[in-house]
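S.K.: Structure below; questions to follow.
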Amino acid sequence: MIFITGDTHRNFSRIETFCKQFKTTVKDVMIILGDAGINNYGIEEDRKLKQTLCLLPLTLFCIHGNHEQRPQIIAGYAETIWHGGTVFIEPEYPNLLFAKDGEIFDFDGRKCIVIGGAYSVDKFFRLAHNLNWWEDEQPSDEIKVRVEKRLEKESWRVDVVLSHTCPLEYEPTEVFLPGISQSTVDKSTEQWLDTIEKRLQYDEWYCGHYHTSKKVDKLVFMYKDISAFEF
C-alpha cells in the first residue's frame, strides 16, 4: 500500500500510531509532502532520529521542503533508482528515501512528478535566533529547467504532481500568519508552479507546506491527515 501525508517536522508520532494500527511493513510506502525534518540539525542529532525511523515497519518517501537540508549536499548519500525515479539514500537507513526534484515515479502504474522546495516565511526569525536556514530551500534555475524538460518529454501529461508548496493561484490565504507581511514573502516558486499548472494535464496535485487540509479543484492540501494514495 502507498499512503500520503503532510509535513511532519521531526514529529512522527502519528505515523508510528498509523503503523501499529494498520500493521504496515517496509513494503508499504508513506509519501511525506516536504518538511519531514529528518535532515535538519546536523549529522549526530539527525542520526539519532534516523536510527529510530529505520525501525518503523514502513518506507518513507520524502519530498524536499523548506525546513530541511537537501540530502545531495550531505556526505553519505548516494543516488539510486526506485519506482523508476532517482532517490537519495544512505545505505544504513534503507527505508528513508528522498526524492530528487524533477523525477517521475511510477506508483501503481501512475506517473507522479516531484517538485519540492518553498520559501520560508520564518527565514528572518530563524536567522536572528541562530536557527538553521538553507539558501537552496527553493528550486534553483537548474531544477526548474530539469522539471520542464522532464514534462516536455512526457508531452506535458502526468497523472499526479507531488510538491511541497502550491501554484500561486491556489495559495490558501486564510491560513497566512497574521504577523508576516506578504510583501516580504518571496513567491517566485509559487509563480513558477502557476505556469506549470496552467500548461500541465494532470489528474491530482498534492502539496503540504501550509499546515492545512482541504481540496480545491484537483489540488489537495495535506497536513496531519493520512490518506491512501489511491486512484
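S.K.: With contacts defined as alpha carbon pairs under 8 Å and 6 or more residues apart, what's the relative contact order of the range 48-144 in percent?
M.R.: Relative contact order here is 28 percent.
S.K.: What fraction of the Cα pairs in the chain, stated in percent, has a spacing above 30 angstrom?
M.R.: 19 percent
S.K.: Could you state the accessible area per residue of the range 122-231 in Å², with a 1.4 Å probe and every protein chain left in place? Before the final figure, lay out each step's value.
M.R.: Details: 5990 Å² over 110 residues.
Counting only protein heavy atoms, the per-residue value for the range 122-231 is 54 Å².
S.K.: Under the rule of at least 5 residues apart or a separate chain, name every residue whose amide H is placed under 5 Å from the amide H of W82.
M.R.: Hits under the 5 Å cutoff: V87.
S.K.: So, taking all protein chains as they sit and a 1.4 Å probe, how much accessible area belongs to I81, in Å² rounded to tens?
M.R.: Looks like 120 Å² after rounding.
S.K.: Additional query: If you put +1 on each Lys and Arg Cβ and -1 on each Asp and Glu Cβ, how big is the dipole of the chain around its Cα centre, in Debye rounded to 20?
M.R.: 440 debye
S.K.: Hey, another quick one. Need one number: nm distance between label points at E92 and T25, each 7 Å from Cα along Cα→Cβ, rounded to one decimal.
M.R.: Result: 2.7 nm between the two label points.
S.K.: Translational diffusion coefficient, Stokes-Einstein: compute it for the range 59-182 using the Kirkwood radius over C-alpha pairs as Rh, at 20 °C and 1.002 mPa s, and state it as an integer in µm² s⁻¹.
M.R.: Working: Rh = 16.0 Å.
Roughly 134 µm²/s, to the nearest whole number.
S.K.: Here's another thing I want to ask about it. Using Cα-only point scatterers and the Debye equation, what is log10 of I(q)/I(0) for the range 22-110 at each q in 0.11, 0.22, 0.26 Å⁻¹, rounded to two decimals?
M.R.: Normalising to I(0) and taking log10 leaves -0.28, -1.18, -1.61.
S.K.: Mind giving me the nanometre distance, one decimal, between the label points for T184 and E142, set 7 Å out from Cα along Cα→Cβ?
M.R.: It works out to 3.1 nm between the two label points.
S.K.: May I pose another question? Under 5 Å between amide H atoms, partner at least 5 residues away or on a different chain: which partners does F229 have, H built in plane at 1.01 Å?
M.R.: Close amide H contacts, sequence-distant or interchain: I2, F3, I4.
S.K.: Restrict the search to the range 134-231; then list the GluC sites (Glu not before Pro) that DSSP places in a loop and that have at most 16 other Cβ atoms within 10 Å of their Cβ.
M.R.: Sites meeting the loop and neighbour criteria: E135, E154, E230.
S.K.: Computing the accessible area with a 1.4 Å probe over protein heavy atoms, can you report the carbon and sulfur percentage for the chain?
M.R.: 51 percent
S.K.: If you average the sequence gap of Cα pairs under 8 Å that are 6 or more apart and divide by the length of the chain, what percent do you get for the contact order?
M.R.: That works out to 22 percent.
S.K.: How large is ³J(HN,Hα), in whole Hz, for each residue of the range 188-201 in order, when computed from phi with the Karplus curve 6.51 cos²θ - 1.76 cosθ + 1.60 and θ = phi - 60°, using x for Gly and Pro?
M.R.: 5, 5, 5, 5, 5, 4, 4, 5, 5, 4, 5, 9, 8, 9
S.K.: For K123, give me every one of the lysines with a C-alpha distance below 20 angstrom, ignoring sequence neighbours fewer than eight places off in its own chain.
M.R.: Reachable lysines: K187.
S.K.: Just to check, using Stokes-Einstein with a Kirkwood Rh over alpha carbon pairs, what's the diffusion coefficient of the range 136-217 at 20 °C and 1.002 mPa s in µm²/s?
M.R.: 154 µm²/s
S.K.: Dipole of the chain (Lys/Arg Cβ +1, Asp/Glu Cβ -1, origin at the Cα centre): which of S120, I2, Y223 lies farthest to the positive side?
M.R.: The listed residue farthest towards the positive side: I2.
S.K.: Continuing with the same structure: Label point 7 Å out from K218 along Cα-to-Cβ: which residues of the range 114-136 have amide N under 20 Å?
M.R.: Once the point is set 7 Å along Cα→Cβ of K218, 114-116 turn out to lie under 20 Å by backbone N, inside the range 114-136.
The values are calculated or read from the model by the stated rules, or taken from the named source; none is laboratory data. Note that the coordinates shown come from a computational prediction; the quantities given were computed from them, not determined experimentally. When we count neighbours, we look across all protein chains shown, and the Cβ atoms used for this are built from the backbone with ideal geometry, even at glycine. Calculation scope for accessible area: heavy atoms of the full protein, side chains included, ligands and nucleic acids excluded. Shrake-Rupley method; radii C 1.70, N 1.55, O 1.52, S 1.80 Å.
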